[in-house]
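Only one structure is covered here, and it is reproduced in the block below.
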Amino acid sequence: MKRNLSLTIIVIAAVMLAACGQAAPAAAPEGEAGPLKIGMANFSQCCPYFIGMNDAVVAEAKPFSNVTIISTDANGDAAKFQSDIEDLIAQGVDG
């Protein structure tokens, strides 16, 4: 009886998770990709790790002529960080 109950719970959980999944959006046909604006709000670029992370994002976007990266640096100021995020949203970034 416990085995059947456990199996039933697992099946129900799997069905619920599958129902919550999001269908993948259809890819744009080749050559028809629109402009893509990506915002990267950085709390601080004080350390080599964060500088490298920012540089890597910019470098990965370079081969794509339709991708624009907007990068910010709040210099460790939480209020500036929040303002940077709000500015990126106001600019209509896609991601």
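The values are calculated or read from the model by the stated rules, or taken from the named source; none is laboratory data. Quantities reported herein were computed from a predicted structural model and do not represent experimental measurements. Side chains included, ligands, DNA and RNA excluded: accessible areas come from the protein's heavy atoms. Shrake-Rupley method; radii C 1.70, N 1.55, O 1.52, S 1.80 Å.
Of the residues making up the stretch 30-47, those that are of a type outside the set (A, V, I, L, M, F, W, C) and under 15 Å from GLY76 (Cα atoms) number 3.
The set of residues in the stretch 43-95 that are of a type in the set (Ser, Thr, Tyr), farther than 17 Å from ALA33 by Cα and open to solvent by 60 Å² or more (accessible area, probe 1.4 Å) contains only TYR49. Within the stretch 1-41, the set of residues being modelled with pLDDT of 75 or more, under 20 Å from VAL93 (Cα atoms) and of a type in the set (A, V, I, L, M, F, W, C) comprises LEU36, ILE38, MET40, ALA41.
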